[in-house]
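**Student:** Got a structure here, written out as structure tokens. Questions coming.
The values are calculated or read from the model by the stated rules, or taken from the named source; none is laboratory data. Note that the structure is a prediction, hence the values are computed from the model and not measured.
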Amino acid sequence: MAKEIVNIINENEYVEILQQAVAKIHTARTALARQVNSSVHSAYWKLGTLLVEKQLEGGYGSGVVKSLLLT
């Protein structure tokens, strides 16, 4: 199939289109990785905030984290 495309457009155009396609895929993958990383970071931040709040409610040494690990 690649040879058919090369026959329709010249080789320079084919290489340019291929490079543009690869660049767009790379850009999309990078953006997706950043979004996933941001979501994971946000989830861990919220989890940390929740644990600190529960620890403050129960008082220092109340074993909030330890009790969560045992369930």
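**Student:** Please go through the range 1-30 and pick out each residue that is at pLDDT below 95 and charged (D, E, K, R).
**Tutor:** Listed by number, the residues that qualify are Lys3, Glu4, Glu11, Glu13, Glu16.
**Student:** Regarding Ser62, is this residue not charged (D, E, K, R) and not in a helix (DSSP H, G or I)? Steps first, answer last, please.
**Tutor:** On the way: not charged (D, E, K, R): yes; not in a helix (DSSP H, G or I): yes.
Against the criterion (not charged (D, E, K, R) and not in a helix (DSSP H, G or I)), Ser62 qualifies.
**Student:** Specify the residue that is farthest from Leu69 (Cα to Cα); the eligible residues are those in the range 23-47 that are of a type in the set (Lys, Arg) and more than 14 Å from the chain's Cα centre (by Cα). Give the steps one after another, and end with the answer.
**Tutor:** Going residue by residue through the range 23-47, those that are of a type in the set (Lys, Arg) are 24, 29, 34, 46.
Keeping just the survivors that are more than 14 Å from the chain's Cα centre (by Cα) gives 24, 46.
On the way: Lys24: 44, Lys46: 18 Å.
Within the range 23-47, the match that is farthest from Leu69 (Cα to Cα) is Lys24.
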